[in-house]
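J.: Please read through the structure below; I'll follow up with questions.
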Amino acid sequence: MTFTVAADANGILPDRMIAAMAEAGLILPAYDFVESQIQPASLDLRLGDIAYRVRASFLPGPGATVAERIDELKLHEFSLADGAVLETNCVYIVPLLESLALPPEIVAAANPKSSTGLDMIGAGYHGPLYAEISPKTFPVLVREGSRLSQVRFRTGDAILNADELEALHAAERLVDIDDADLSGGVAVSVDLSGEKASGFVGYRAKRHTGVVDVDRRSGYAVEDFWEPISARPDGSLILDPGEFYILASKEAVQVPPDYAAEMVPFDPLVGEFRVHYAGFFDPGFGYAGAGGQGSRAVLEVRSREVPFILEHGQIVGRLVYEKMLARPDAMYGQRIGSNYQAQGLKLSKHFRV
């Protein structure tokens, strides 16, 4: 089977085209895909059976492969076949079960599901994929097949320009406010009022907790891992250095079926904090036709080296919208066990409500 896209195509590949890429040998899984591994606009990636603890995070550099750098920097290797605990503040490299043989017109971007950055995979890349894992909050139990990251495939220029974004917002109302800031993407601010969560604004991670099994759903009591944060009368929150917080956006956002989105952090030169979002925003996120009514974005926030004051309504990130190459067969929230559809302030699927 061959796989082609039009020479002038611009957009993110949907679920059925990801499946077609695999059938054509452009995605090479060691084992067959499992249920729900193909998402509306991305593919979940699975850990392989071996992990390497390395001395430091690294980039391969010119003339060196990841495998060669692992040989130089590894402290030890161990099996994930029966599961293994990855300790906080250590760095691990794990070969993935999926590898790629991309054609020249398709690029990919891998985005961990939580708390790290984006890795670009160049057009025409042929070779293995690796995950770098460095737990910062809780020690985690992982095993072969655990899914910690996603990859999204695109061709051409998929990002909406300013006029296209303004037109889409006028037609679909991407955020539930009248004076949306659309410069450089849809502005997302933090909710510290407590009005939408019975006086609470978020959670701060506890130190010295137990282990979180990344494949265990609803397996842990919230109070064993998180401290709830009450709203302050002045609508502020002081972020302590090195602490990890879960907050929510003030705005309810939605992603229409023919589009996907991604959170980009606020200008890092403005303040000493960093905001992440757990994974990509797939088509149908918060969308009424997919069972949503607008969903507030979960914000994973960590201060850097000094205390930093956040204030209610302060912009912390922007949603960049991109065109889909075609509408996916299943939108976010439909048949795929989505954890965040129509959400408010919410922890990950690992914690019991």
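The values are calculated or read from the model by the stated rules, or taken from the named source; none is laboratory data. Given the structure is predicted, the values throughout are model-derived calculations rather than measurements. All Cβ positions, glycine included, derive from the backbone under ideal geometry; neighbour counts span all protein chains shown. Surface areas here come from the heavy atoms of the whole protein model, side chains and all, with no ligands, DNA or RNA. Shrake-Rupley method; radii C 1.70, N 1.55, O 1.52, S 1.80 Å.
J.: Just checking, which of ILE70, ILE18 is within 21 Å of the chain's Cα centre (by Cα) and assigned to a helix (DSSP H, G or I)?
T.: Numbers: ILE70 fails: within 21 Å of the chain's Cα centre (by Cα).
Every option except ILE18 fails the conditions.
J.: From ALA24, ALA30, ALA64, ALA41, which residue is open to solvent by less than 10 Å² (accessible area, probe 1.4 Å) and either touching a residue at least 60 places away in the same chain (Cβ under 8 Å) or out of contact with any strand residue (DSSP E or B) (no Cβ under 8 Å at 6 or more places or on another chain) (or both)? Break it down into steps so the answer makes sense when it comes.
T.: Numbers: ALA24 fails: open to solvent by less than 10 Å² (accessible area, probe 1.4 Å); ALA30 fails: open to solvent by less than 10 Å² (accessible area, probe 1.4 Å); ALA64 fails: open to solvent by less than 10 Å² (accessible area, probe 1.4 Å).
Within the list ALA24, ALA30, ALA64, ALA41, the selection yields ALA41.
J.: Which of (1) within 21 Å of GLY284 (Cα to Cα); (2) out of contact with any Asp or Glu (no Cβ under 8 Å at 6 or more places or on another chain); (3) open to solvent by less than 70 Å² (accessible area, probe 1.4 Å) is the odd one out, the single condition GLU164 does not satisfy?
T.: (3)
J.: Before we move on, is PRO233 within 30 Å of VAL175 (Cα to Cα) and in a loop (DSSP other than H, G, I, E, B)?
T.: yes
J.: From the list ALA170, ALA158, which one is farther than 30 Å from LEU100 by Cβ and of a type outside the set (Asp, Glu)?
T.: Result of the check over ALA170, ALA158: ALA170.
J.: Every residue in the stretch 281-311 that is surrounded by 21 or more Cβ atoms within 10 Å (Cβ to Cβ) and at pLDDT below 85, please.
T.: Matches in the stretch 281-311: ALA290, GLY292, SER303.
J.: Quick check on THR88: is it modelled with pLDDT under 95, closer than 19 Å to ALA123 by Cα and open to solvent by 30 Å² or more (accessible area, probe 1.4 Å)?
T.: In short, no.
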